[in-house]
1. Of all residues in the range 17-31, how many are surrounded by fewer than 18 Cβ atoms within 10 Å (Cβ to Cβ) and at pLDDT 90 or above?
2. Only one of 14, 56 is farther than 28 Å from residue 117 by Cβ, at pLDDT 95 or above and surrounded by 15 or more Cβ atoms within 10 Å (Cβ to Cβ); which?
3. What residue, among those in the range 88-114 that are touching an Asp or Glu at 6+ places or on another chain (Cβ under 7 Å) and surrounded by 13 or more Cβ atoms within 10 Å (Cβ to Cβ), is nearest to residue 77 (Cα to Cα)?
4. Which helices (runs of 4 or more DSSP H) sit wholly inside the range 12-65 and have at least 3 residues that are among the hydrophobic types (A, V, I, L, M, F, W, C)?
5. Go through the range 80-109 residue by residue and tally those that are closer than 18 Å to residue 21 by Cβ and assigned to a loop (DSSP other than H, G, I, E, B).
6. In the range 1-11, which residues are within 18 Å of residue 69 (Cβ to Cβ) and either out of contact with any helix residue (DSSP H, G or I) (no Cβ under 8 Å at 6 or more places or on another chain) or modelled with pLDDT under 90 (or both)?
Amino acid sequence: MINTILLSKDNCYVGENGELPKREPFDKELLNAWCNNQIVSEKGNLGLPPSIRKNVKVQSINDEEITVAITIPEIAEYSDVLLVSRSKENLINGKLFRLDNFKCLTIQGQLEIWIKN
């Protein structure tokens, strides 16, 4: 599965007060396009902005597996390829997203492509 995540310069996905890394202007549009018409988990749906929620289908008992991961545990488990949108800021004492199981293929500006080892 291919997924995307917004990370700070120091690999945090959320700060100590629950704040997200500062988004670059393209990031929300990227997330919206990524999620459009995809199946997300119930927890994942709750984590999406309302503007994106209306464009996804929530997994039900009869559905196949999710088609895009939204929560951090889902992203860590299901991502074979990970597109990282990198913020220019650090989130001191934030929650780290561990990239130990991934290998960086390329960095192009603030976009990075990682593959699972």
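1. Taking the range 17-31 and keeping what is surrounded by fewer than 18 Cβ atoms within 10 Å (Cβ to Cβ), we get 17-20, 22-26, 28-30.
Retained after the next criterion (residues that are at pLDDT 90 or above): 17-20, 22.
So the count comes out to 5.
2. On the way: 14 fails: farther than 28 Å from residue 117 by Cβ.
Among 14, 56, only 56 is farther than 28 Å from residue 117 by Cβ, at pLDDT 95 or above and surrounded by 15 or more Cβ atoms within 10 Å (Cβ to Cβ).
3. Checking each candidate, the answer is 94.
4. Numbers: elements: 27-35, 42-47, 50-53.
Hits in the range 12-65: 27-35.
5. 12
6. Restricting attention to the range 1-11, the residues satisfying the condition of being within 18 Å of residue 69 (Cβ to Cβ) are 1-7, 11.
Passing the criteria: 2, 7, 11.
The values are calculated or read from the model by the stated rules, or taken from the named source; none is laboratory data. All figures in this text were calculated on a predicted structure; none of them were measured in a lab. Cβ coordinates were reconstructed from backbone atoms using ideal geometry, including for glycine residues, and neighbour counts include every protein chain displayed.
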